[in-house]
Amino acid sequence: MISCLYNLQQGSNYFQFSKINATRCHFFCYLDAKFIYMKQFLTTALLFAIMLSGCQKAGDVTQQAQAADPVKTPELTTPKPIASFKITNPYNESGDLLELRTLAFNNTSTNADSYSWDLSTSANYSDGNVDYPMQFSDKAEPAGIYIAPCMQTITIKLTAKNKAGDSSTYSQSFAVQCFRGVPGGGKHPVMHKLY
């Protein structure tokens, strides 16, 4: 009977063999020792390769995450316009308008660069020399505008826009009260300034 043992602690081979198979036992014990060394080497190399591969993958994931999510600079957004206006010289506390009186507009819109007014079909313009109907205006605050005739309700609408193309619309309705006692119908702007 032949048996070969390998002592890992001492790193040497011990043999128990019969005289007949001594060479065979020596050969197999030598192979066993080499196999154990090779197995240890391959295990160590495999662990090292796995650790190195894991580090590379982690680095790749970090690089991919950085590429997918670069540092973003905050985008500058244009504020939305808000249209609003007031007529600062109404006829009474109810905000009614007086026919033929030149209106004083106060454009209180914010974040706007251009304006478009719909002053109603009853709006007129006077510069002191000529009077003519003026329903629309693109001024920030229309000047020389009066309303005629009386005994009606009109709606004045303002649209405010910014450079980005955003727009906002604001409208108000006004009752138009009659003015009596003005010679010639009171259409002359000098007479408008009297009241």
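The values are calculated or read from the model by the stated rules, or taken from the named source; none is laboratory data. Everything quoted here is computed from the prediction, not taken from an experiment. Because the Cβ atoms are built from the backbone with ideal geometry, glycine has one as well, and the counts that use them run over all protein chains shown.
Take the residues of the stretch 119-131 that are at negative phi and in contact with a Ser or Thr (Cβ under 8 Å, 6 or more places away or on another chain): which is surrounded by the fewest Cβ atoms within 10 Å (Cβ to Cβ)? Across the stretch 119-131, the extreme among qualifying residues is Ser126. Restricting attention to the stretch 142-167, the residues that are part of a strand (DSSP E or B), within 11 Å of Ser114 (Cα to Cα) and either out of contact with any strand residue (DSSP E or B) (no Cβ under 8 Å at 6 or more places or on another chain) or of a type in the set (S, T, N, Q) (or both) total 2. If you check Asp138, Asp127, Asp131, Asp118 for being touching a Gly at 6+ places or on another chain (Cβ under 6 Å), acidic (Asp, Glu) and at pLDDT 70 or above, only one passes: Asp127. Selection within the stretch 93-141: residues that are free of Cβ contacts under 8 Å to residues at least 12 places away in the same chain and not in a strand (DSSP E or B). The member of this set that is farthest from the chain's Cα centre (by Cα) is Asn129. Among the residues making up the stretch 75-92, those that are in a strand (DSSP E or B) and within 30 Å of the chain's Cα centre (by Cα) are Ile82, Phe85.
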